[in-house]
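The values are calculated or read from the model by the stated rules, or taken from the named source; none is laboratory data. A quick note: this is a predicted structure, and the numbers were derived from the prediction, not measured. Reconstructed Cβ throughout: ideal geometry from the backbone, glycine too, with neighbour counts over all protein chains shown. These area figures cover heavy atoms from the full protein model, side chains too; ligands, DNA and RNA do not enter into them. Shrake-Rupley method; radii C 1.70, N 1.55, O 1.52, S 1.80 Å.
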Amino acid sequence: MSYARGVRVFNQFTFFSVLIPGLFAVAFVLPVAPPSVFGLDAGWVLVLVVGLSFGVGMTLHIASESFERWMPGAYRPTERMRDRLNALAADAGSAEAVTLMTEFVTLYDERFNTDVSGTVATTESVTTVVDPDPADLTTDTGLDTSDLPFSRADGKRVFQATLAELWSKNVGPIRILVTTYFLCRSMALLIPALAVGYGGFALLLAAGSIRFDPLYAAFLGHVGFVSLLVTVLVFGAAVFFHGYNRYAGYTVSYLIAGFVQHEEPATSVSAASD
């Protein structure tokens, strides 16, 4: 049973986070591929497309993790978790948000034998939060970083521990949220990479260095293809950059709520038995 569950997790991750971005990349490259590619046997074309898609998709997944560190507009889940902890230390936000975070850090300390709640309780001064709910922010956390008890490393540690806990136990839709976040992150890197790649191809084509007629020339012509390409890339950039920020926020919000819901019954039963 556990082996079958592991296979399903692997397939879900590779399909959403690796294979789909890779398929998008290969699909956008095919219109400018040499005609000889389309003369291959159908079986070889399938193997080539699937193999390239997986390789390119995995490369995008790895590269996007590094690209995320300085990507404009990026607000990483680990940073969101850090800001949630700092907001709790500042006693900022609605009563419901403070209560939820208080329960979260208490249960987190019990589960992983840490003292996050102690850090919150002993914090003497934290600059107040401008926006009481950092979940919906993008790049502005609303916190003055000059005096914060929790660092980016703290947010990363808490995020990874709770994610591993919920993922391994398949609690709620956490896998779908995380894999969709990875998908949007990879696509956010792929869109500008395609724009640069097509720009380089256009320069080579104009310089006469390309010795074949691209596939798209037979259907749309250069002007029609460029118009369609610009429309698709601009629309894709808007969708996936927005999706990246939204699903990063959704992931952290559900991670906190899901962890509380998952740990509370066990804690209650333990307390009752005592």
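To keep it simple, each residue is scored yes or no on (1) more than 16 Å from residue 151 (Cβ to Cβ); (2) modelled with pLDDT of 90 or more.
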site: 93; (1), (2): yes, no
site: 100; (1), (2): yes, yes
site: 104; (1), (2): yes, yes
site: 111; (1), (2): yes, yes
site: 123; (1), (2): no, no
site: 130; (1), (2): yes, no
site: 134; (1), (2): no, no
Handout entry: Residues (modelled with pLDDT under 80, part of a helix (DSSP H, G or I) and open to solvent by 70 Å² or more (accessible area, probe 1.4 Å)) located in region 218-239
Key = 218, 222
Exercise for the section: Kindly provide the set of residues from region 48-70 that are open to solvent by 80 Å² or more (accessible area, probe 1.4 Å) and either part of a helix (DSSP H, G or I) or touching a Leu at 6+ places or on another chain (Cβ under 9 Å) (or both), ordered by number. Expected result: 52, 54, 59, 62, 65
Completion exercise
Inside region 180-212, the number of residues satisfying the requirement of being under 19 Å from residue 241 (Cβ atoms) and surrounded by fewer than 12 Cβ atoms within 10 Å (Cβ to Cβ) is 1
Handout entry: Any hit, region 196-204, residues being more than 30 Å from the chain's Cα centre (by Cα), free of Cβ contacts under 8 Å to residues at least 12 places away in the same chain and in a loop (DSSP other than H, G, I, E, B)
Key = no
Exercise for the section: Tell me, please, whether a residue that is at pLDDT 85 or above and under 18 Å from the mean Cα position of the chain (by Cα) can be found in region 138-152. Expected result: yes
Handout entry: Scope region 73-99; condition closer than 19 Å to residue 178 by Cα, in a loop (DSSP other than H, G, I, E, B) and among the hydrophobic types (A, V, I, L, M, F, W, C); matching residues
Key = 74
Handout entry: Filtered residues of region 161-179 (kept if open to solvent by 10 Å² or more (accessible area, probe 1.4 Å) and either of a type outside the set (A, V, I, L, M) or at positive phi (or both))
Key = 165, 167, 168, 169, 170, 172, 173, 175
Exercise for the section: For residue 247, indicate whether it is at pLDDT 90 or above, under 21 Å from the mean Cα position of the chain (by Cα) and open to solvent by less than 70 Å² (accessible area, probe 1.4 Å). Expected result: no
Exercise for the section: Could you give me the residue pairs with C-beta distances under 6 Å whose first residue belongs to region 206-229 and is more than 14 Å from residue 38 (Cβ to Cβ), whose second residue is open to solvent by 70 Å² or more (accessible area, probe 1.4 Å) wherever it lies, and which are 6+ apart or on separate chains? Expected result: 210/204
Exercise for the section: With respect to residue 215, determine if the residue is modelled with pLDDT under 90 and open to solvent by 20 Å² or more (accessible area, probe 1.4 Å). Expected result: yes
Problem - Candidate set: region 7-42, residues that are open to solvent by less than 40 Å² (accessible area, probe 1.4 Å) and small (Gly, Ala, Ser); chosen: the one modelled with the lowest pLDDT - result: 33
